[in-house]
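K.L.:
Take this structure first; my questions come after.
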Amino acid sequence: MRRVITEPNRLWVLGSEFGTDEVMVMSYRALLAASVVSVGLSFGTPAAAAEETWHERYERAQELLVQGEEGRAAGEFDALAKTAKTTEDRAVAEEMAKVARARVAYEARRPVMGHLRTSDELSLLYTTAFAYGFGTSAWLALQVQPKNLATAVIPFVVITSAAVGGVAVADDYRPFRLGVPQSIAAGMFLGVGEGAWLVGYQHAAATRRDDDSRWKAPTVSTVLWAGATLGGLTGGLLGAWREPTPGRVSFAASASLWPGFVASMGAAALRDGERRNETAFAAGALAYNLGLGAAIAFGPDLSPSVARVRFVDLGGLAGCLLGVSSYLLATGSDNSARGGLAAAALGSTAGLAVSWWATSGMKPEVRAPDEPTSAFRMSPVFAPIEHGWTVGVAGTL
């Protein structure tokens with residue numbers, strides 16, 4: 001066991017005898033050695049702290065990149081590359097800066113859609129399939145006139161389930177391509193719209209003639225069901241051929257509905273007499289189809305997103321309500337049906353124009369760059385001539 005024995009002016013350590021002066025000399029030497037170590041640590045600690053700070057900054061830059069803040073991440077990686085202590089760290093920081101800048105350039109372009117259908121458009125197709133199955137069951141019931149409740153209910157259960165189940169089986173076997181479910185759903189709704197314009201015109205003409213030629217419920221249901229069926233088939237074929245983005249399909253639907261509505265209201269407001277309703281339905285049907293054709297032709301160049309189309313739809317609806325309410329407040333009891341129709345048409349047009357302008361900053365949708373596209377494209381052409389302008393369209397088929 002090691003002992004330390006102290007006596008006046010003497011120190012015994014490990015069996016050796018030291019005087020007080022010798023102890024002080026040893027203390028000074030120990031203090032000097034400790035000072036040397038402390039100085040070494042004082043010089044070494046900032047280097048270690050700097051190294052730790054560099055790696056912490058690198059991790060923060062990585063987090064910025066993961067969180068989608070590519071611009072800030074690129075700046076951080078550039079700064080890290082300048083302050084890196086080793087060649088390896090500098091190379092890693094420079095490569096990460098290149099990745100961040102590439103992401104910035106990528107995001108600056110239009111967002112790329114994938115090759116397969118989105119979950120939103122598949123959900124829309126499920127909803128449309130349910131409505132189509134229910135409508136088909138109603139059409140069948142009107143045709144056969146069931147005699148009891150069982151024969152009336154069973155078709156609804158079987159046909160509606162088959163329509164929804166058919167979509168599930170088809171997508172499970174081979175997932176739909178991009179835009180195909182949205183095209184089928186939009187085609188069905190547009191087909192119903194075509195049938196509605198036709199039925200409206202026929203009823204208006206029959207009412208004017210005051211005869212018994214007005215279509216009954218079985219005929220009306222047949223026209224609407226046929227329109228939905230043909231529209232769904234046409235939409236599916238066009239979607240499989242061109243594989244448009246969901247936003248283009250939504251744009252085509254809205255570009256048909258709004259021109260038809262505005263033209264119908266405007267024609268009814270301008271035209272008076274017994275043929276006013278016929279004129280309104282005819283003008284609406286014509287504008288409806290012209291809008292659909294224009295949307296199919298020019299949709300690839302505009303390529304709005306679904307969100308932008310929905311905002312524009314809301315703008316048109318808000319404009320319509322604001323126009324009608326303003327007209328009623330301004331005229332009071334002196335209002336007329338023609339004035340209300342004109343206010344609805346003008347308000348809708350103004351609302352659509354303002355909302356389209358207000359959403360011009362929203363990013364459009366494009367397909368994946370390596371996806372094959374159809375050669376069919378159309379673009380408007382405006383060319384000055386000696387006494388005016390030449391207006392037309394140009395494209396490839």
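K.L.:
Conditions first: (1) in contact (Cβ under 8 Å) with a residue 12 or more places away in the chain; (2) closer than 24 Å to Gln67 by Cα. Ala105 passes all but one, so which condition is the exception?
P.N.:
(1)
K.L.:
Then there's this: Output the residue which, of all residues in the stretch 343-358 that are of a type in the set (S, T, N, Q) and open to solvent by less than 20 Å² (accessible area, probe 1.4 Å), is nearest to Gly273 (Cα to Cα).
P.N.:
Ser348
K.L.:
Of the conditions (1) at pLDDT 90 or above; (2) touching a strand residue (DSSP E or B) at 6+ places or on another chain (Cβ under 9 Å), Ala206 fails just one. Which one is it?
P.N.:
(2)
K.L.:
Shifting gears a bit: Looking only at the stretch 195-236, which residues are out of contact with any helix residue (DSSP H, G or I) (no Cβ under 8 Å at 6 or more places or on another chain) and assigned to a helix (DSSP H, G or I)?
P.N.:
Gln202, His203, Ala206, Arg209, Thr219 - these are the residues of the stretch 195-236 that are out of contact with any helix residue (DSSP H, G or I) (no Cβ under 8 Å at 6 or more places or on another chain) and assigned to a helix (DSSP H, G or I).
K.L.:
Now for a different question. What helices (runs of 4 or more DSSP H), lying completely within the stretch 79-193, carry at least 1 residues that are among the aromatic types (Phe, Trp, Tyr) and touching a helix residue (DSSP H, G or I) at 6+ places or on another chain (Cβ under 7 Å)?
P.N.:
Hits in the stretch 79-193: 119-144, 149-173.
K.L.:
On the given criteria, is Arg72 within 24 Å of the chain's Cα centre (by Cα), open to solvent by 60 Å² or more (accessible area, probe 1.4 Å) and free of Cβ contacts under 8 Å to residues at least 60 places away in the same chain? Break it down into steps so the answer makes sense when it comes.
P.N.:
Details: within 24 Å of the chain's Cα centre (by Cα): no; open to solvent by 60 Å² or more (accessible area, probe 1.4 Å): yes; free of Cβ contacts under 8 Å to residues at least 60 places away in the same chain: yes.
Answer is no for this residue.
K.L.:
So in the stretch 253-288, with the set limited to residues that are among the charged types (D, E, K, R) and open to solvent by 50 Å² or more (accessible area, probe 1.4 Å), which one is nearest to Ala186 (Cα to Cα)?
P.N.:
Arg276
K.L.:
Which one is modelled with the lowest pLDDT, of the residues in the stretch 309-342 that are among the charged types (D, E, K, R) and open to solvent by 70 Å² or more (accessible area, probe 1.4 Å)? Talk me through it step by step, then tell me what you get.
P.N.:
Going through the stretch 309-342, the residues among the charged types (D, E, K, R) turn out to be 310, 313, 334, 338.
Narrowing further to those that are open to solvent by 70 Å² or more (accessible area, probe 1.4 Å): 310, 334, 338.
Details: Arg310: 93, Asp334: 82, Arg338: 87.
The qualifying residue modelled with the lowest pLDDT is Asp334.
K.L.:
While we're looking at this one, here's another question. Quick one: would you say Arg177 is in contact with an Asp or Glu (Cβ under 7 Å, 6 or more places away or on another chain), more than 30 Å from Thr279 (Cβ to Cβ) and open to solvent by 20 Å² or more (accessible area, probe 1.4 Å)? Quick ask: steps written out before the conclusion?
P.N.:
Working: in contact with an Asp or Glu (Cβ under 7 Å, 6 or more places away or on another chain): yes; more than 30 Å from Thr279 (Cβ to Cβ): yes; open to solvent by 20 Å² or more (accessible area, probe 1.4 Å): yes.
For Arg177, the condition - in contact with an Asp or Glu (Cβ under 7 Å, 6 or more places away or on another chain), more than 30 Å from Thr279 (Cβ to Cβ) and open to solvent by 20 Å² or more (accessible area, probe 1.4 Å) - is met.
K.L.:
Still on this structure: List the residue pairs whose Cβ atoms are under 7 Å apart, where the first residue sits in the stretch 215-230 and is farther than 11 Å from Gly135 by Cβ, the second is crowded, with 19+ Cβ neighbours inside 10 Å and of a type in the set (Phe, Trp, Tyr), and the two are 6 or more positions apart or on different chains.
P.N.:
Thr222/Trp139
The values are calculated or read from the model by the stated rules, or taken from the named source; none is laboratory data. What you see is a predicted model, and the numbers here were worked out from it, not measured in a lab. We place every Cβ from the backbone using ideal geometry, glycine too, and count neighbours over all the protein chains shown. For accessibility, only protein heavy atoms count, side chains too; no ligands or nucleic acids. Shrake-Rupley method; radii C 1.70, N 1.55, O 1.52, S 1.80 Å.
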